[in-house]
1. Long-range amide H contacts for Phe150: which residues qualify at under 5 Å (H placed 1.01 Å from N, peptide plane, sequence gap of 5 or more or a different chain)?
2. Any chance you could list P(r) for segment 144-220, counting all Cα-Cα pairs in 10 angstrom bins from zero, rounded to whole %?
3. For Cα pairs less than 8 Å apart in space and 6+ apart in sequence, what is the mean separation divided by the residue count of segment 169-267, i.e. the relative contact order in percent?
4. Quick check: convex hull over the Cα atoms of segment 61-133, volume per residue in Å³, rounded to an integer?
5. Counting only other residues whose beta carbon sits under 14 Å from that of Asp345, what net charge do I get with K and R as +1, D and E as -1?
6. For segment 109-115, in order, what is each residue's ³J(HN,Hα) by Karplus, 6.51 cos²θ - 1.76 cosθ + 1.60 with θ = phi - 60°, in whole Hz (x at glycine and Pro)?
7. How would you rank 120-132, 260-272, highest first, on the average number of other Cβ atoms within 10 Å across their residues?
8. What order do you get for 6-15, 209-218, 225-234 when each peptide is scored by the mean count of other beta carbon atoms within 10 Å, highest first?
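The values are calculated or read from the model by the stated rules, or taken from the named source; none is laboratory data. These figures come from a predicted structure and were not determined experimentally. Heads up, the Cβs are rebuilt from the backbone with ideal geometry, glycines too, and the neighbour counts pull from every protein chain shown. The accessibility values were calculated without ligands, DNA or RNA, using every heavy atom of the protein model including side chains. Shrake-Rupley method; radii C 1.70, N 1.55, O 1.52, S 1.80 Å.
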Amino acid sequence: MKKYGVNELRKMFLDFFESKGHLAMKSFSLVPHNDNSLLLINSGMAPLKPYFTGQEIPPRTRVCTCQKCIRTGDIENIGKTARHGTFFEMLGNFSFGDYFKEEAIHWSWEFLTEVVGLDPDRLYPSVFESDDEAFDIWNKEMGIPAERIFRFGREDNFWEHGAGPCGPCSEIYYDRGEKYGTGPEDVMGGEGDRFMEVWNVVFSQFNNDGHGNYTDLIQKNIDTGMGLERLAVVCQDVASLFDVDTNRALMDEVGALAHCRYEEDDKKDVSLRIIADHVKSCTFMASDGIMPSNEGRGYVFRRLLRRAARHGRLLGIKGLFLKEVVDAVVENYGGNYPVLVENKDYITKIITLEEER
Ligand code: GLY
């Protein structure tokens, strides 16, 4: 398997779904539009909710995106585990009342096995426990033996994020092999690092009013979410999100400033990961017009930036240094997000002013 880079994988995904009649749309802003239920966009489908509910007409009934997202629920764990970061990009293909389970499953398999070249024998689908239709597509149409298709309950295979469109889902896991774990948690659907959930294909057909009341949407939709960096972890066969090429480049930059190297000292590694992740989030937040402040999104910005600055001190870096990391973010992500290049001076100013404070 070729070890594609993050920037290559993003393009491969969008090109593939364009070839299947999708409109590749630019990432929406991190700032939700007309949606009080969210502080920051946290999934590929979040900015598309009005298209799922039928409130707004989409530019096409098939759309694909690579959406910038921020999740800060688990901020204290960032840097300490392989799985947590605040900023991530989510690849998604979406159908608004167009295709449904069959095409979505076929195309996810085709992309992973034929375009990216993952070994089909290492891929395991799961379905919602009562979803015989999805089970049969995997089994009878895709030829996956029944014992390799897992039926899981609501916690794993019913996707929803607060209020809005939701539904049962089918997830695709990749077996990364014994070198990533042999414990009791390293089983399909377990918490270990061996089996990694790569893609979530949601059969979005209900609306949750935010209080657990479900109604049928006027149309059946597809909403998929695949973390770009997770795909890169599998493809590049590396231990964690932080080890993929783009994140390594950011950590190398911080390491050069701190005169240390990643993977030499566990404590320093935590600081390197935190700085890379948090400065990436702050760079993207500034580029979407968010300013550091004491409330809401601005507080998330302030908190992440101050954590990054503090970890710089822990690494022994003297003076202002975040600008250099912003430069590395722009260098690695500016190809797909030209706004980072266009607004680099502004972004740097906002971040440096806050760092000085
Ligand atoms: N909306 C599907 C996902 O984020 O997994």
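1. Answer set, sorted by chain and number: Ser126, Val127.
2. 18, 39, 26, 15, 2
3. Relative contact order, segment 169-267: 19 percent.
4. Output value, Cα hull per residue: 165 Å³.
5. +1
6. Rounded to whole hertz, the list is 5, 4, 5, 5, 8, 9, 8.
7. 120-132, 260-272
8. Ranked from most to least packed, the peptides come out as 225-234, 6-15, 209-218.
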